[in-house]
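The values are calculated or read from the model by the stated rules, or taken from the named source; none is laboratory data. Owing to the predicted nature of the structure, the values given are computational and were not obtained by experimental measurement. Here the Cβ positions follow ideal geometry from the backbone for every residue, glycine too, while neighbour counts run over all protein chains shown. Surface accessibility is based on the protein's heavy atoms, side chains included, excluding ligands, DNA and RNA. Shrake-Rupley method; radii C 1.70, N 1.55, O 1.52, S 1.80 Å.
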Amino acid sequence: MADSNSWKAIFDFKNINSHDFDKEPYILDADDIKKACQNFTKTSQKEVRILCKQDSRKKRPDIFVQKNLFILPKKNGSYYIIKGEGYVDIPDITTPIKDYVSKLDFDLISSGVGDSEMQYLDFAYANSLIRTFMEDPSLVLTIRGRKYTPSFSFKVNGFNLDVEGVQTEVDAGYEGKNSLVLVEAKNSKTKNTIIRQLYYPYRQWYENTGKTVYPLFFEKRIIKGEQIYYIWQYEFTNPLDYNSIHLVKSGRYRIVKNEH
């Protein structure tokens, strides 16, 4: 979790405790974080990127938990601290594991080397599991890595926010004839995640392409010695509302070799 002592120092340095979060978010600059934490010795206690990386509810510092706050990037070197719900639950999938027959007629040997979330996502895509789950055979890999968002505005917990040039990263993006699928992949059981991980890339590609954008959450788990692939499809029912995230469908699969 983000260091609680550092965030207490930041709140004290900027007198943030006196701010009325019910009225509006607080805008915090990276330079002020650095100044407030300059006497700490550990990198994790003074590095802006680490302190502002609060990707799940439990990674928030104590003062954020107590005040029901979360943090979002505004632009390079500037952040919003916001009151309300900033995270989405990732419900466990308890429906039966489905056998998915690979579309390949040979084994992918290279996919068995290593243990990264990326290789499992690539394996699922190569076997056409992503296309089948999305019911779109036209999907092809076109997006990967870090990019910067255009300027856009949105609403979160009733507040109107503006974002400009924020760095985003997706594990994979697949473009089809009429849509884009953006994937956030994990290699461990995740109970919740900050909506930003799905929403900022969603808005970035919604603005850049005009196509329908589908955010996916992807995870590989080992169950009784087998690799099982979990997929959740989300949607934003209102593209301008951060909190309009909604789970559309989910499923878990074992990839079975094509014997034909």
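Data for the structure
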{"read-out": "FRET efficiency for Glu24 and Ile222, using Cβ-Cβ distance with R0 set to 41 Å, rounded to 0.05", "value": "0.35"}
{"read-out": "Charge dipole magnitude, Cβ of K and R +1, D and E -1 - segment 6-50, Cα centre, debye nearest 20", "value": "320 debye"}
{"read-out": "Degrees, to the nearest 10: 4-13 long Cα axis against longest axis of the chain", "value": "40 degrees"}
{"read-out": "Largest-first ordering by accessible area, 1.4 Å probe, given options Glu117, Glu24", "value": "Glu24, Glu117"}
{"read-out": "Reach of Lys177 by Cα under 15 Å, taken over aspartates and glutamates that are not fewer than 8 positions away in the same chain", "value": "Glu135, Asp136"}
{"read-out": "Descending semi-axes in whole angstrom, ellipsoid equivalent of segment 117-260, from the Cα gyration tensor", "value": "28, 16, 13"}
{"read-out": "Accessible-area composition of the chain, carbon plus sulfur, in percent [1.4 Å probe]", "value": "46 percent"}
{"read-out": "Listed residue pairs exceeding 18 Å between alpha carbons, taken from Lys46/Lys67; Lys53/Lys74; Lys189/Lys220", "value": "Lys46/Lys67"}
{"read-out": "Highest-MSF residue in the chain out of Arg196, Arg221, Arg60 [GNM, Cα springs under 10 Å]", "value": "Arg221"}
{"read-out": "Relative contact order of segment 184-260, defined on C-alpha pairs under 8 angstrom at six or more residues apart (%)", "value": "25 percent"}
{"read-out": "Whole-Å semi-axes of segment 23-158's equivalent ellipsoid (Cα gyration tensor)", "value": "39, 19, 17"}
{"read-out": "Segment 40-106, accessible area per residue, ligands and nucleic acids excluded (1.4 Å, Å²)", "value": "55 Å²"}
{"read-out": "GNM flexibility winner over the chain from Thr209, Thr193, Thr94 (Cα, springs under 10 Å)", "value": "Thr94"}
{"read-out": "The chain: calculated mean residue ellipticity at 222 nm from DSSP helix runs of at least 4, using -39500 (n - 2.57)", "value": "-6000 deg cm²/dmol"}
{"read-out": "Length-normalised contact order of segment 1-110 in % [C-alpha pairs under 8 Å, at least 6 apart]", "value": "29 percent"}
{"read-out": "Residues of segment 158-260: accessible area per residue with a 1.4 Å probe, Å²", "value": "44 Å²"}
{"read-out": "Pairs of alpha carbons in the chain whose separation is greater than 32 Å (percent)", "value": "29 percent"}
